[in-house]
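The values are calculated or read from the model by the stated rules, or taken from the named source; none is laboratory data. For clarity, every value in this text was computed on a predicted model and none was experimentally measured. All Cβ positions, glycine included, derive from the backbone under ideal geometry; neighbour counts span all protein chains shown. Areas reflect the complete protein model, heavy atoms only, side chains present, ligands, DNA and RNA absent. Shrake-Rupley method; radii C 1.70, N 1.55, O 1.52, S 1.80 Å.
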Amino acid sequence: MRRLDFLILAFISLVGFGCQPGSEAPLVTQRFLHQNWQFSQADKTEWLPATVPGVVHLDLFDNKVIDDPFYRSNEDSLKWIGEKDWIYKTSFSIDKELSADKVDLVFEGLDTHATVELNGQEIIAASNMFRSYRSNIKKLLQKGTNELIIRFQSPLKYNKQQAGKLAYSLPEDERVHSRKAPYQFGWDWGPVFITAGIWRPVYIETYNSARISDVQLIQKELSDDNASLTAAVTVEASKKGKAKLTISSPDNKFESITQTVVLDKGTNKTNLNFVINKPQRWWCNGMGKATLYKVETKITTDAGIQKTIDKIGLRTIELVQEKDKTGKSFYFKLNGIPVFAKGANYIPQESFLPRLTKAQYEARIDDAVKANYNMLRVWGGGIYEDDLFYELCDEKGIMVWQDFMFACAMYPGDDTFMENVRVEVEQNVRRLRNHASLVLWCGNNEIANGWHDWGWQKSRGYSAADSLTVWTHYQNLFHQLIPEILEEEDPGKAYWSSSPSFGWGHEEALTEGDNHYWGVWWGKEPFDMYKQKVSRFMSEFGFQAFPDINTIKSFTKPKDRDIWSKVMRTHQKHPIGNETIMEYLKRDYKTPKDFESFVYLSQVLQAEGMMTGIAAHRRNMPVSMGTLYWQFNDCWPVVSWSSVDYYGHWKALHYYARKAFANIFVSPDIEGDQLKVFIVSDNLEPTSGELEMTLMDFGGKVKWSKSMAIDAKPINSTLAFEQNVTSFLQNLDKRKAVLKTVFKKDGKEIAENFQFFVSPKKMLLQKPDIKLTTKRLDNSIEVILSSKTLCKNVFLSLGTVKGWWSNNYFDLLPGEEKRVVFYGDDLPNNITDLLTVFSLYNSFK
């Protein structure tokens with residue numbers, strides 16, 4: 001539900017209401033019930049203190065019943081928690097609330113199968129963690145002490161019961177009957193922590209005469225002169241009467257509009273039109289300012305007032321799919337301008353969701369901005385995120401591709417399940433639709449792909465009738481129910497029924513729609529295959545790497561720090577993940593000398609391999625118009641595809657993404673026997689500058705150089721230079737040759753990149769001779785490095801000091817000076833003593 005800004009004051013109870021001015025009493029109050037909770041295993045009698053919002057795993061940990069679930073292999077011994085039923089209870093006193101017209105008990109999130117009893121009477125039967133529940137409890141309340149009990153059934157038990165009712169088995173039938181976050185049942189990067197509890201706020205909400213239950217802000221027209229909008233206001237009234245509705249700007253950005261309405265008892269809907277003159281548009285990161293306008297909605301009756309605040313961005317957004325010579329386009333157009341989507345897939349930041357903090361949300365979205373993202377895909381195996389996530393994306397200009405929470409499985413289609421989903425979809429669409437950042441609704445993750453390509457029908461032994469039934473249920477959900485709700489609740493916003501549109505083995509995956517390309521990793525294809533498998537919009541592709549060594553130390557003992565140890569296997573959820581990393585590593589790198597060197601090399605391998613894909617997508621603009629790699633973040637400390645680990649440490653990939661996602665990106669490449677240099681630009685206007693190219697050996701001896709004027713085309717890729725590789729290298733030993741490419745504008749370096757001519761395994765690297773100095777600044781430290789020889793993939797670390805580097809895992813050319821800045825708060829005085837420098841040469845035996 002939308003968080004409303006309520007004034008918490010005393011109530012005035014009236015038998016009727018009008019709209020006389022002067023009353024400033026609040027119409028609505030909330031009293032949070034987050035105190036004095038206890039919990040118990042259902043088949044035991046011991047009661048322990050509980051935290052609300054929370055989940056049972058955290059309560060067990062806080063009471064020292066279990067050890068840290070993330071430490072070593074503790075996860076393996078905690079699966080019993082999800083197999084048990086649990087009971088939570090509290091008591092609270094009631095007095096003045098009884099005088100209100102309406103008294104509701106509201107749960108913003110119950111996880112998941114729960115019955116709620118108030119004073120011995122069942123009032124709610126919950127079966128969906130993605131929706132809220134509201135019950136009118138005024139008649140059940142008693143003056144003085146009231147008892148609230150919630151009984152949670154094991155999702156595993158529930159799914160087993162529901163699966164037993166079908167004549168066939170559904171893929172992933174141990175989870176699909178529950179409307180619960182799929183990732184909590186385990187994924188190939190996530191642990192099995194099947195939680196239960198009151199995971200979002202619970203409160204008693206009271207109101208007199210009327211309350212605002214929803215405000216939809218609809219942009220009708222947008223021009224440079226004005227924006228025409230409608231506020232569609234939904235009001236719940238406890239009795240018939242008059243009220244005033246006002247739409248205003250707390251910042252005086254537009255004129256207020258007031259309308260007197262006659263409310264009937266029950267639900268009332270009213271439209272108020274307003275205009276914003278000389279509107280400033282909302283732009284995504286890299287294209288302009290993400291301007292937001294505050295809109296206050298107020299209802300006034302003679303019983304009091306209620307106000308809500310929304311922040312909106314004024315923009316046009318469309319998903320463009322038009323036939324062309326390649327096939328059919330797939331790109332977003334923001335304010336009439338094509339956008340190359342740059343970013344990653346976002347998963348929940350926590351296995352235990354209630355302990356997420358505002359600071360963590362802010363840090364992750366800041367990480368996206370620092371890496372020049374303009375889009376995040378909220379993946380369908382997680383949750384509909386907290387309001388704060390979308391608010392931050394609004395503020396920072398991060399577009400959101402929003403999946404509904406269905407992933408990698410077929411789902412039931414009975415009336416009870418479909419009605420449950422209907423409420424879930426309606427509630428979340430209403431909650432999220434006003435956000436400027438939200439640009440696409442997507443039905444599911446990989447379900448159409450799975451049905452057509454993963455052999456479910458054969459592995460499950462489906463008859464023709466079974467297949468027809470299961471597929472009909474799919475169509476009813478994703479081609480009827482969800483789009484019909486969207487047409488009613490959020491018309492005009494694009495809907496994409498399933499991502500990807502075709503599996504990566506199909507020819508159409510490269511010519512239309514979006515693509516999840518997993519030939520690299522799952523198919524063990526070489527990284528160079530990314531250059532051939534360029535699609536219209538790459539919404540998933542990825543490669544694993546180990547997390548930061550300090551993250552690994554947080555869950556291991558020294559004896560565990562071996563890639564084949566039981567503990568490291570617990571924190572590697574892909575069945576052949578470490579084997580796959582090692583196989584790719586052996587192709588291009590020498591054998592690492594120790595565990596820490598392997599961790600470092602896994603990150604370099606991931607970054608270099610993923611850069612091959614990202615750069616190929618960028619070079620193929622405007623045919624290719626999006627690259628969202630798998631994945632941005634982690635939900636626990638783990639070996640995974642992420643570029644930022646659970647504790648917020650940037651892997652090498654995140655630094656590489658920062659470079660590749662910049663508005664100007666220089667991309668040299670070897671295609672066959674041709675060396676090519678491209679200038680990729682996301683700028684809205686042509687960018688004039690100079691391309692400087694220098695060919696040298698690893699000792700710094702320059703063999704060739706060239707400078708040329710370049711006009712980089714807007715939102716496009718420009719081929720700036722091309723030459724046969726053999727003639728270009730002449731007699732230079734390619735094992736120790738590097739081409740430096742730099743794009744400058746007005747003499748200032750805008751972008752830099754390098755081209756090597758053999759794999760790192762074959763490079764004739766010399767022992768590093770790095771000289772460095774440091775300079776302390778306010779909340780940062782500048783490091784200046786130089787070397788007489790090439791130092792490849794230089795990694796700077798300050799251990800556990802919190803912060804980030806302006807650049808890392810970079811190549812340091814001989815005879816050149818590299819300046820890198822570390823940004824952090826509360827930097828220790830001895831920070832220079834903590835600095836370590838590591839490079840590719842140091843990692844080999």
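Values for this structure:
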{"read-out": "Over the stretch 612-658, relative contact order from alpha-carbon pairs under 8 Å, at least 6 apart, %", "value": "20"}
{"read-out": "Nearest-ten-degree value, helix 577-588 long axis tilted from longest Cα axis of the chain", "value": "20"}
{"read-out": "Restraint check, Lys328/Lys676; Lys590/Lys802; Lys531/Lys593; Lys328/Lys493; Lys531/Lys744; Lys333/Lys531, Cα-Cα greater than 29 Å", "value": "Lys590/Lys802; Lys531/Lys593"}
{"read-out": "Computed accessible area, Trp804, all protein chains, 1.4 angstrom probe, square angstrom", "value": "40"}
{"read-out": "Probe 1.4 Å, protein heavy atoms only - accessible area per residue of the chain in square angstrom", "value": "39"}
{"read-out": "Magnitude of the charge dipole, the stretch 105-220, Cβ model with Lys/Arg +1 and Asp/Glu -1, debye to 20", "value": "360"}
{"read-out": "Alpha-carbon centroid distance for the pair the stretch 697-734 / the stretch 635-664, whole angstrom", "value": "29"}
{"read-out": "Under 20 Å from the Thr800 label point (7 Å along Cα→beta-carbon), backbone N, the stretch 334-362", "value": "360"}
{"read-out": "Pairs beyond 27 Å (Cα-Cα), from Lys734/Lys792; Lys659/Lys845; Lys278/Lys311", "value": "Lys659/Lys845"}
{"read-out": "Rounded tilt (10° steps) of 415-432 against the dominant C-alpha axis of the chain", "value": "70"}
{"read-out": "Student exercise, the stretch 185-312 dipole from Lys, Arg, Asp, Glu Cβ charges, in Debye to nearest 20", "value": "300"}
{"read-out": "16 Å Cα-Cα reach of Lys138 towards lysines, excluding residues that sit fewer than 8 places from it in its own chain", "value": "Lys96, Lys102, Lys239"}
{"read-out": "Exposure of Arg211 as accessible area (Å², to 10), given a probe of 1.4 Å and all protein chains", "value": "30"}
{"read-out": "Extension gain (nm, one decimal) between Leu834 and Lys328, 0.36 nm per residue minus Cα-Cα", "value": "176.8 nm"}
{"read-out": "Net dipole in debye of the chain [+1 Lys, Arg Cβ; -1 Asp, Glu Cβ; about Cα centre; nearest 20]", "value": "1280"}
{"read-out": "Highest average packing first - 817-830, 166-179, Cβ atoms within 10 Å", "value": "166-179, 817-830"}
{"read-out": "Estimated Rh, the chain: Kirkwood, alpha-carbon pairs, angstrom", "value": "29.2"}
{"read-out": "Glu122-Asn63 FRET efficiency (beta carbon distance; Förster radius 30 Å; 0.05 resolution)", "value": "0.60"}
